[in-house]
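Q: Take a look at this one; I'll ask things after.
Read-outs: derived from the displayed coordinates by stated rules, not from any lab. The shown structure was predicted, so the numbers you read here are calculated from the model rather than taken from an experiment. Methodologically, a virtual Cβ is constructed for each residue, glycine included, from the backbone with ideal geometry; neighbour enumeration extends over all protein chains shown.
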Amino acid sequence: MIHENILQENKKIKEKYIYRRTRLPYYGWLHPCIICGIITSNIEDVGQLEKQYEIYKFITYLCPRCQIKKHSGDKEINKKFKSTTTRYINYYYPNTIY
Ligand SMILES: [Zn+2]
């Protein structure tokens, strides 16, 4: 555990936002919910991946309604969240393992 913390301190954390591309501004605050597609500014952690010199922290857009369902353990939502985020990460960051 301590070893892990030391490793993390020396690595730069890079936040990687994953979401469906739309006509909305690329660097805007509003993007479609990864589950239902509704436009939202609400974000959700996907997880992080430790690379050799840095840590990728994946974040996605999840509307409050889907977020509540996800955190209440809705199996369908969790399955969709996992498969969709994995697909996006594999597509946009093909050299990473998730
Ligand atoms: Zn949603």
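Q: Put a dot 7 Å past each Cα toward the Cβ at Lys51 and Cys36; how far apart are the dots in nm?
A: Once both label points are built, they end up 3.4 nm from each other.
Q: Right, here's the next one. Among the listed pairs Lys16/Lys79; Lys12/Lys82; Lys14/Lys75; Lys11/Lys79; Lys51/Lys82, give every one whose C-alpha distance is greater than 23 Å.
A: Details: Lys16/Lys79 21 Å; Lys12/Lys82 25 Å; Lys14/Lys75 29 Å; Lys11/Lys79 31 Å; Lys51/Lys82 20 Å.
Where the Cα-Cα span goes over 23 Å, the pairs concerned are Lys12/Lys82; Lys14/Lys75; Lys11/Lys79.
Q: Using amide H atoms built 1.01 Å from N in the peptide plane, name the residues 5+ places from Val46, or on other chains, whose amide H lies under 5 Å from its own.
A: Placed amide hydrogens put Phe58, Ile59, Thr60 under 5 Å from Val46.
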